[in-house]
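The values are calculated or read from the model by the stated rules, or taken from the named source; none is laboratory data. Everything numeric here is computed off the predicted structure, so don't read it as measured data. Reconstructed Cβ throughout: ideal geometry from the backbone, glycine too, with neighbour counts over all protein chains shown. The accessibility values were calculated without ligands, DNA or RNA, using every heavy atom of the protein model including side chains. Shrake-Rupley method; radii C 1.70, N 1.55, O 1.52, S 1.80 Å.
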Amino acid sequence: MTPAARFAIVIAALPFAAAALPSPAAEIPLNERLSAYEDMSRDNKAMQDDDTSNPGILAVLDGEMVWSTPAGASGRSCADCHGDAKSSMKSVAARYPAFDAAAGRPLDLEQRINLSREKDQKAQPFAAESKELLALTAYVAMQSRGEPIAAHEDPRLAPFIDKGRALFNARQGQLNLSCAQCHDDNWGKSLAGNVVPQAHPTGYPIYRLEWQSIGSLQRRLRNCIIGMRAEPYAYGAPEYVDMELYLMWRARGMKMETPAVRP
Amino acid sequence: MMRLAAVAAVLLAAPAMAQEALLPYEVVGEAIPKSLTGAPGDAERGRAVVVKRESTCLLCHSGPFPEQHFQGDLSPSLNGAGARWSEGELRLRLVDAARLNPATIMPSYYRIDGLTRVAQNYRGKPVLTAEQIEDVVAYLKTLKD
């Protein structure tokens, strides 16, 4: 066969090859994005809206205590260096995960808090999902409530956003599902009676009624991964942080709601 | 030393032993015409498999299950499945729907290869057993409208 003939066959076969490939999930157009708040019942919305009924506020108040309590060999509190969180921490959570030069990769807000605790306060880092870490994170993130999520334009983040996107689109587990198959392709539909959200992490840490507690985005990702019957990553794994980063980038410009209430 | 090596060999072999080999089947066109087990399934047992939460069917599908309060709508209703598809087509759609459409959200219920990061307790196991597949096929065949 001449090279030209072979080329013609390849060209002829292309449309069929394209048809057989899985169609990639399309990202949700920016103007069609919705917070999962919109999917909630009127009662749950009211619970989130009113600080006297929002159970996440209890964690925020605990966090305020942690913020001003000296810790570690330094004998310093967060407030001793950062002052009033209401101004120093305003919009900060909306920019996380952020690139950390020493780590050479993005850190999420919990990791950044723990880094300062170790490095600056000379204290033991808080355990993942511990009451103190969630409380302090909620207190810091509350200072971004109503602020738009950043666009994460730091060029050093770009490869990690790509990694997060790849993980979001990768099939995994015994059920062989990707995040995108539900949250890009089937949002708004009913998964055994639960509305499939678009998966915008606008309100973390959230008070999840199913948990009866406040919890992190990593805990929420873990829930879905277990639902796919895939092996969850260890808390703090770079895969989680890359996914958190991708999801925050995907939600860029949406308003922070911490502490959000979710079913 | 010999004993250590023997123990190591057993340990290494353990996951493989836990992995039950799947029964072979033949795909003809868009169907698996023959029963995986060689025997017909039981429709009544099949209905019980479909509504059981661990089977995952009703996460996405709905159907004639008035007693089930939580049913999904990501995927077509199971009503009329027995009229839309032949027995062999139903079987392939359960066993490995991805063979018909690689982008489908429908898991392959009788497949253990080509999967990624499967949780330890599910590794090497299909979602449903061959018997369960046959029972579900027998049940879906009865859903004529």
ask   = Taking accessible area as the heavy-atom solvent-accessible surface of the protein chains with a 1.4 Å probe, which residues of region A:230-256 lose no less than 10 Å² upon going from the isolated chain to the full protein assembly?
value = A:Ala230, A:Glu231, A:Tyr233
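Using only Cα atoms, figure out Rg for region A:26-262 and give it as a multiple of 2.2 N^0.38 Å. Spell out each step's value before the answer.
Values: Rg = 17.4 Å, N = 237, 2.2 N^0.38 = 17.6 Å.
In units of the 2.2 N^0.38 Å rule of thumb, it is 0.99.
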note = Quick shape check on region A:50-162: root eigenvalues a ≥ b ≥ c of the Cα gyration tensor, a/c under 1.5 is rounded, otherwise prolate if a/b tops b/c, else oblate, and it reads oblate
message = Could you give each residue of region B:109-121 its phi-based ³J(HN,Hα) in whole Hz, using Karplus coefficients 6.51, -1.76, 1.60 with θ = phi - 60°, and x for Gly or Pro?
response = 7, 9, 7, 10, 9, x, 9, 10, 6, 5, 4, 3, 6
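Can you pull a Stokes-Einstein diffusion coefficient for the protein assembly as shown at 10 °C (1.306 mPa s), Rh from Kirkwood over Cα pairs, as a whole number of µm²/s? Display every interim value, and only then the final one.
On the way: Rh = 24.2 Å.
Here the translational diffusion coefficient equals 65 µm²/s.
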request  = Could you list which residues have their amide H under 5 Å from that of A:Ala230, counting only those 5 or more apart in sequence or on another chain, with H placed in the peptide plane?
outcome  = A:Gln174, B:Ala119
request  = Return the sequence-ordered ³J(HN,Hα) values of region A:68-82 in whole Hz as given by the Karplus equation 6.51 cos²θ - 1.76 cosθ + 1.60 applied to θ = phi - 60°, using x for Gly and Pro.
outcome  = 9, 9, x, 8, x, 5, 6, x, 10, 9, 4, 4, 4, 9, 8
query = In degrees, nearest 10, range 0 to 90: what is the angle between the Cα axis of helix A:217-227 and the longest Cα principal axis of chain A?
reply = 40 degrees
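Quick one: dipole size for region A:26-262, taken about the Cα centre, charges +1 on Lys/Arg Cβ and -1 on Asp/Glu Cβ, in debye to the nearest 20. Please report the intermediate quantities before stating the final value.
Details: 28 positive and 31 negative charges, 56 e Å.
Using Cβ point charges on Lys, Arg, Asp and Glu, region A:26-262 gives about 260 debye.
Students often get this wrong, so check it: of A:Lys189/B:Lys34; B:Lys34/B:Lys144; A:Lys45/A:Lys119, which have C-alpha atoms separated by over 30 Å? Mind showing how you got there, number by number?
Working: A:Lys189/B:Lys34 35 Å; B:Lys34/B:Lys144 21 Å; A:Lys45/A:Lys119 39 Å.
From the list (A:Lys189/B:Lys34; B:Lys34/B:Lys144; A:Lys45/A:Lys119), the Cα-Cα distance tops 30 Å for A:Lys189/B:Lys34; A:Lys45/A:Lys119.
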key: Helix A:56-67 axis, angle to chain A major axis (alpha carbon atoms, nearest 10°)   = 60 degrees
task = Treat each spin label as a single point 7 Å out from the Cα along the C-beta direction, and report the A:Thr69 to A:Cys81 distance in nm.
result = 1.9 nm
inquiry  = Leaving out ligands and nucleic acids, and using a 1.4 Å probe, what accessible area per residue does the protein assembly as shown come to in Å²?
reply    = 51 Å²
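Once whole DSSP H runs in chain B are found, which of them have Cα atoms spread over 18 Å or more along the helix axis and a mean Kyte-Doolittle score of at least -0.5?
Values: long enough: B:2-18 (24 Å, 1.88).
What comes out of the filter, once short or polar helices are dropped, is B:2-18.
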request  = For region B:23-141, give the magnitude of the charge dipole about the Cα centre (Cβ charges: +1 Lys/Arg, -1 Asp/Glu; no others), in debye to the nearest 20.
outcome  = 280 debye
key: Selected from A:Ser68, A:Leu209, A:Gly227, residue furthest toward positive end of dipole (region A:26-262; charges at beta carbon)   = A:Gly227
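On the accessible surface of the protein assembly as shown, probed at 1.4 Å, how many percent belong to carbon and sulfur atoms? All intermediate terms of the calculation are to be shown ahead of the outcome.
On the way: 12390 of 21010 Å².
Summing carbon and sulfur atoms, their accessible area is 59 percent of the total for the protein assembly as shown.
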query = Once you list every other residue whose beta carbon is under 15 Å from the beta carbon of B:His69, what net charge do they have if Lys and Arg are +1 and Asp and Glu are -1?
reply = 0
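Within 14 Å, Cβ to Cβ, of A:Pro106, how many net charges do the neighbouring residues add up to if Lys/Arg are +1 and Asp/Glu are -1? Don't jump to the answer; show the numbers that get you there.
Numbers: positive: A:Arg95, A:Arg105, A:Arg112, A:Arg156, A:Lys163, A:Arg165; negative: A:Asp100, A:Asp108, A:Glu110, A:Glu153, A:Asp154, A:Asp162, A:Glu239, A:Asp242, A:Glu244.
Neighbour charge sum, excluding A:Pro106 itself: -3.
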inquiry  = Please list, ordered by chain and number, the residues whose modelled amide H lies under 5 Å from the amide H of A:Asp100; skip anything fewer than 5 residues away on the same chain.
reply    = A:Arg105, A:Leu107
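Would you tally the net charge around A:Gln212, using a Cβ to Cβ cut-off of less than 15 Å, leaving A:Gln212 out, and scoring K and R as +1, D and E as -1? Please report the intermediate quantities before stating the final value.
Values: positive: A:Lys131, A:Arg208, A:Arg219, A:Arg220, A:Arg262; negative: A:Glu129, A:Glu210.
After counting each charged neighbour, the total is +3.
To the nearest 100 Å², how much accessible surface do chains A and B hide from each other in total, with a 1.4 Å probe? Let's see the in-between values first.
On the way: alone 13760 and 9500 Å², together 21010 Å².
So the buried area, both faces added, is about 2300 Å².
Quick one: dipole size for the protein assembly as shown, taken about the Cα centre, charges +1 on Lys/Arg Cβ and -1 on Asp/Glu Cβ, in debye to the nearest 20. Spell out each step's value before the answer.
Values: 45 positive and 47 negative charges, 138 e Å.
Roughly 660 debye for the protein assembly as shown.
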query = With springs only between Cα atoms under 10 Å, which of B:Leu36, B:Leu94, B:Leu59 fluctuates most in a Gaussian network model of chain B?
reply = B:Leu59
inquiry  = Using amide H atoms built in the peptide plane, which far-off residues or other-chain residues are under 5 Å from A:Ile206 H to H?
reply    = A:Gly215
remark   = Here region B:22-29 yields Karplus 3J(HN,Hα) values (6.51, -1.76, 1.60; θ = phi - 60°; whole Hz; Gly and Pro given as x) of 7, 6, x, 8, 10, 8, 10, x
query = Any residues in region A:157-183 that have 50 Å² or more less accessible area with all protein chains than in their chain alone, probe 1.4 Å, and which are they?
reply = A:Arg171, A:Gln174, A:Leu175, A:Asn176
ask   = What is the Rg over Rh value, at two decimals, for chain B, using alpha-carbon atoms and the Kirkwood definition of Rh?
value = 1.06
